[in-house]
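J.: Shown below is the structure under consideration.
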Amino acid sequence: MTLPISLRTVRVLRYIMPLREGGSLPGLTEADDGFKYVVKFRGNGHGPKALIAELIGGEVARALGLRVPELVFAELDEAFGRTEGDEEIQDLLRASQGLNIGQHFLPGALTFDPVVTNVDADLASRIVWLDAFLTNIDRTVRNTNLLMWRKELWLIDHGSCLYFHHSWSNWERHATGPFEPIKDHVLLPQATRLIEADAYCRSRLSSETLRAIVATIPDDWLRWDDAEGTPDELRAIYERFLIMRLDRSAAFTIVAQDARQALV
C-alpha cells in the first residue's frame, strides 16, 4: 500500500540573496523552522508550472531512492519583500504570495564536475533513466543540476521537467514517445546499465506512487490562464502522462542506450 505523500509547510521569514544562475530566479531564504531553503517562486516567468515540475521531479527521484534535498511548501505572506531594494526581485516576490516550493539548502555543497568525479554505473544509469522518464532537458555538462555534498551525489532543480505542460498539445504523444535530448545528458557516458536501471526503476515506481505524488500539487498551482480544466482535471492529465510513460519505458530506455553507444 502506498502512503500519501506529505510536504511540510514553512513560512519564509527572510530573503537572503538571489541565485541568478537559475532561469526562474530562485532565492536563498530563511524560514521559521530555522533552516535555509532555496525557494522557487510562483511569480517566475513559467509561473506555477515550474513549481509543479520541481515537486513531481523531486518526489519521483526520491521514490527511486536517489538523493534529493527535502522539498517543502514555502509560504510568503502579503508583506514579504516590501523592503527588497531590487525592483525585479520585489516584483517577483509580490507575485509569489501564498505557497511556493523550497528545497533544503545544502551548505558547502559543490557543483558536480564530471571531469573530477566518476559516478557508479548503476547510479548514473538510474539518473539518466529518471531524466528520460521526466523529459528533463536540463542535466547537461553546461548545467548539471547535481551537487556533491558530504561525498555523495545530490539531485537539484527539476523545474525543466515535463516540458509538455507548457503547451498541453499532443500530451499523449509526449507521454509515449522517446526523449532525444537525452543524448546531451552529463552522466550518459557512465550510464552503462540502462536496461538494468529500467527494471529497477519500474520496480520502485507504481501508478499508486505516481498518483500520490501528483495529489500533493496545490489547487492554486493548477489555475492557469492558458489551459482549460479544473485542478482535478489537470491533475488527472499529469497522472495519465506519468503512468503512460512508465508503461512504455522501454522506448525511451532504448533511445538512451543508443545515444550512449553513439558516444563510444
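Read-outs throughout are calculated quantities, based only on the coordinates presented, and are distinct from any laboratory measurement. Note that this is a predicted model, so its numbers are computed, not measured. As a convention, Cβ positions derive from the backbone with ideal geometry for all residues, glycine included, and neighbour counts pool all protein chains shown.
J.: Could you go through region 36-52 in sequence order and give the Karplus-derived ³J(HN,Hα) for each residue, using 6.51 cos²θ - 1.76 cosθ + 1.60 with θ = phi - 60°, rounded to whole Hz, and x for Gly and Pro?
T.: 9, 9, 8, 9, 9, 9, 5, x, 5, x, 8, x, x, 4, 5, 6, 4
J.: Most mobile of GLY43, GLY159, GLY65 per a Gaussian network model of the chain (Cα springs, under 10 Å)?
T.: It is GLY65.
J.: Can you run phi through the Karplus equation (6.51, -1.76, 1.60; θ = phi - 60°) for region 67-77 and list ³J(HN,Hα) in whole Hz, with x for Gly and Pro?
T.: Once rounded to whole Hz, the list reads 7, 9, x, 3, 9, 9, 7, 10, 9, 10, 8.
J.: If each residue of separation counts as 0.36 nm, what is the full-extension length gain between ALA251 and ARG94 once their alpha-carbon separation is subtracted?
T.: 52.2 nm
J.: Let me spell out the model: positive unit charges on the Cβ of Lys and Arg, negative unit charges on the Cβ of Asp and Glu, origin at the Cα centre of the chain. What dipole size does that give, in debye rounded to 20?
T.: Dipole size: approximately 760 debye.
J.: What residue among LYS151, LYS40, LYS183 shows peak mean-square fluctuation when the chain is described by a Gaussian network model with Cα springs under 10 Å?
T.: With Cα springs under 10 Å in the chain, the top fluctuation among LYS151, LYS40, LYS183 is at LYS151.
J.: Could I ask something else about it? Is there a quick way to get the dipole size of region 53-105? I mean about its Cα centre, with the Cβ of Lys and Arg at +1 and of Asp and Glu at -1; what is the value in debye to the nearest 20?
T.: 360 debye
J.: Which shape class applies to region 73-180: rounded if a/c is under 1.5, otherwise prolate when a/b exceeds b/c and oblate if not, where a ≥ b ≥ c are the square roots of the Cα gyration tensor eigenvalues?
T.: Here region 73-180 falls in the oblate category.
J.: Further question: Using a/c under 1.5 as the rounded threshold, could you call region 183-258 rounded, prolate or oblate? The axes a ≥ b ≥ c are square roots of the C-alpha gyration tensor eigenvalues, and prolate needs a/b larger than b/c, oblate otherwise.
T.: prolate
J.: Please state the relative contact order of the chain as a whole percent: Cα pairs under 8 Å, 6+ residues apart?
T.: Relative contact order of the chain: 21 percent.
J.: Taking the Cα centre of each part, how many Å lie between region 195-255 and region 129-150?
T.: The two parts, judged by their Cα centres, are 18 Å apart.
J.: Okay, moving on. Determine the relative contact order of region 159-264: mean sequence separation of Cα pairs under 8 Å and six or more apart, normalised by residue count, in whole percent.
T.: Relative contact order here is 48 percent.
J.: Take the chain, connect every pair of alpha-carbon atoms lying under 10 Å apart with a spring to form a Gaussian network, then pick out the residue of ILE127, ILE16, ILE243 with the largest mean-square fluctuation.
T.: ILE16
J.: Then there's this: Would you mind getting me the FRET efficiency between ARG150 and ILE195? Use the beta-carbon distance for r and R0 = 22 Å, nearest 0.05.
T.: 0.10
J.: Let me ask you something else. List the residues whose amide H sits under 5 Å from the amide H of ASP33, counting only those 5 or more places along or on another chain, with H placed 1.01 Å from N in the peptide plane.
T.: Distant-sequence amide H within range of ASP33: ARG11.
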